[in-house]
1. Could you tell me which residue of the stretch B:45-71 is modelled with the lowest pLDDT, considering only residues that are in a loop (DSSP other than H, G, I, E, B) and among the polar types (S, T, N, Q)?
2. For the stretch A:59-70, enumerate the residues that are surrounded by 21 or more Cβ atoms within 10 Å (Cβ to Cβ) and more than 7 Å from chain B (Cβ to nearest Cβ).
3. Give the residue, chosen from A:THR84, A:THR36, that is outside the structural domain of A:LEU294 (by TED's automatic domain parsing) and of a type in the set (Val, Ile, Thr).
4. Which ones in the stretch A:182-219 are part of a helix (DSSP H, G or I), in contact (Cβ under 8 Å) with a residue 40 or more places away in the chain and at the interface with chain B (Cβ under 10 Å from one of its Cβ atoms)?
5. Condition test on B:THR182, is it open to solvent by less than 20 Å² (accessible area, probe 1.4 Å) and within 8 Å of another protein chain (Cβ to nearest Cβ)?
6. Please go through the stretch A:127-137 and give me each residue that is in contact (Cβ under 8 Å) with a residue 60 or more places away in the chain and either at the interface with chain B (Cβ under 9 Å from one of its Cβ atoms) or in contact with a helix residue (DSSP H, G or I) (Cβ under 6 Å, 6 or more places away or on another chain) (or both), ordered by number.
7. For A:SER56, are the conditions met, namely being under 22 Å from B:ARG328 (Cβ atoms) and crowded, with 21+ Cβ neighbours inside 10 Å?
8. Could you figure out which of (1) within 23 Å of B:GLY116 (Cβ to Cβ); (2) crowded, with 24+ Cβ neighbours inside 10 Å isn't true of B:GLN138?
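The values are calculated or read from the model by the stated rules, or taken from the named source; none is laboratory data. Nothing here was measured: the structure is a model prediction, and the numbers come from that model. Note that we place each Cβ from the backbone using ideal geometry, even for glycine, and neighbour counts take in every protein chain shown. Just so you know, the surface numbers come from the protein's heavy atoms only, side chains and all, with ligands and any DNA or RNA stripped out. Shrake-Rupley method; radii C 1.70, N 1.55, O 1.52, S 1.80 Å.
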Amino acid sequence: MSFVEYSELIQEGDVAIIFLGHDSMFPLMVQSGAQTQTRYGVIRHSTDLIGRRYGSKVTCSKGGWVYVLHPTPELWTLNLPHRTQILYATDIANITMMLELKPGSVVCESGTGSGSLSHAMLRTIAPTGHLYTVEFHQQRAEKATEEFREHKVDHLVTVLNQDVCKDGFGVTGVADAVFLDIPSPWEAVGHAKSAMKRQGGRLCSFSPCIEQVQRTCAALAEHGFGEICTLEVLLRLYDVRAVSLPLPDFGPDDPSRTDPGVPDRAGPSVPTNTAVTCRTAIAPREMAGHTGYLTFASKSLV
Amino acid sequence: KPYRETGIDERFIIKDGDFVVLQRGDVYKAVQIQKKRKVIFEKQWFFLDNAVGELYGSTFEVASGGSLQPRKSKHPEIPAEVKESGMDNRNIVDDGRSQKLTRDDIETLKEQGLKGQEIVQQLVENSTTFRDKTEFAQEKYIKKKKKKYENIITILKPSTRILALMYHGREPGKICHLRYDTLAQMLTLGNIHAGSKVIVFETCAGLVLGAVMERMGGYGSVIQMYPGGGPTRAATDSFGFPEHFHRTLHEFPLCKVKALLAGTLSPDEEGKDSVDGPAAEHLDTTAGQLIDGIFHFILHLLQAQEKKVKMEEKRKKLSAAAALLQGRNADGLVVASRFHPCPVLLTLLRFVAPSRPFVVYCQYREPLIECYSKLREQGGVINLRLSETWLRHYQVLPNRTHPVLLMSGGGGYILSGTTIDDSASASGPQKAEEPAPKRIKLQETVA
């Protein structure tokens, strides 16, 4: 297993995702001899996991069952331990495409945070790309380093514990893309520009507040970036359900003549049905209304 | 040309034969660089010859005669010498007569060879109301005129981002109205990455296929399922992938899927038309006719041989694709077509391994609702999710920041999920649909 390559069978040392049912999942590290408690009973790693196919149904000691899933950055995003607010797949997907990330891309990122975006980028730039990720918080930098190693992607990433606004990304002239998710991105624009390849590259800055966006756009223009564009994207989820709508009762039909004025339900005669079922997509009561503004730009030719 | 000497990575330099994208403002057009070939873009005709050897991202102006002139240095913007400006528009009357230059005047200026920037300057000087406008209004006016009269063309290297933007703006009907952010979601939810084996079924001119191939980077394999005669790949060509990418691309006709699933796909299916030798020619006795006869005989032989070779190639390709599919262990499925998604999804999912993602795009919601229900009934999938994304652009300017006035009404819908292996016998009913309890953190493991 790795976060950047699929494998068929579960092996010791893998990070697997246990799926219990509707929106209920958690990650675990597969270890020979280990046991994991779930509400359906115990999972014994050696007998229930190791050597079995990913996607298998595993019956737990109490009789209930779970599915074991191969990790993906998207599943990781939904299950990782939060050390900071994280980016979710909707923003990540747009960032990936708008930064033109692909195998071989060299990317600079700050801050690393909880590594949600980092894992997604590593998946996209593997096997020949590299990620330089800067995190000014020491423990977070260490935790990220540890996770990258456990997830077998450490060969693709370099974690730096420093302040990107003061010390930059640690590299110059190599990046195809730079991503900023920091409180004062305008202070890092200059460093971003020098980290990027001379021939150009793409930049993205993610900020929750419009004031930050304004300052960042101004800084980008000052530094000669072009194609500056700010957008936001929101996810709308739908619940597919069968709903039952009752039919009104207008009284009995007049047996002497049919009255076209009173509409019956459209279509052939509906004798004594009191309700109609339709399958529909229902929007949830609330939805995430804002995550942050995404500002993209291209480094122009020097 | 300077760039060649500086040893810059080849990939950044425009070459003859390259597939590129022309950009002017927010209009894009995909073309291939072919010397001495006239190209039309935004009501202008020109040759791309002078672009060869320049860097991608370079900007050009169209000179008279149709040649491109590179703009090497960053032109200083019309100096923002704010001479005069007003406080508001209470006294500005729009009677359509404030511009003193007529259409003909402007044409004359163009003929005299004035550059776009200079024409804009002339318009500003000949506008009676310009100095009454507020600074913001003046900026807006200049921006508008620049957009119209400046003809700066940028030559870009194709990418999913650019081509998706282009198709959505120019020919959305060709891509089932798939908006670019929706495509982005598909690539991420589908976990498309180097080294995997992905099945793609699309009727989006090959844009989705190209996007998938870009994210695979030439590693792994992509099997494109196609309806009818052959796969459409017009947009895929526009990506300008290097030759070796095409070795990872396979195709398989939908009409043979049933046979493949049933195990009855015979390797000789494609070679059905027997390629016999040419009919024996009745050779005439005269020498001239004899030679003529022999010539035609040989010609037929060669043509038949060529046909045989092509058939053999086609058969080999079909075999190769079938071999990849047969294992029923694909790492993902991406569907984006005008066909009803239900049968497509239910059939093609059978080729996908367990614990792998799939993504289906549909311009409309109802067919996906049907898919969702059918999949729930059939089982074998979890994390089913019906979604769409809402996208909004912003104008960011000092004291003038606000969402852009016009917004996309819709970008289509996505149904996504993960496959699982349902075949193991269940040990009793279990409420898989109960609402999730408070989120479980990383579990403690007891060694």
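1. Going through the qualifying residues, I end up with B:SER64.
2. A:CYS60, A:VAL66, A:VAL68, listed by residue number.
3. Answer to the selection: A:THR36.
4. Result: A:ILE210, A:VAL213, A:THR216, A:CYS217.
5. Values: open to solvent by less than 20 Å² (accessible area, probe 1.4 Å): yes; within 8 Å of another protein chain (Cβ to nearest Cβ): no.
So B:THR182 does not fit the description; no.
6. A:PRO127
7. When the stated conditions are applied, A:SER56 passes them.
8. Checking B:GLN138 against (1) within 23 Å of B:GLY116 (Cβ to Cβ); (2) crowded, with 24+ Cβ neighbours inside 10 Å, the one that fails is (2).
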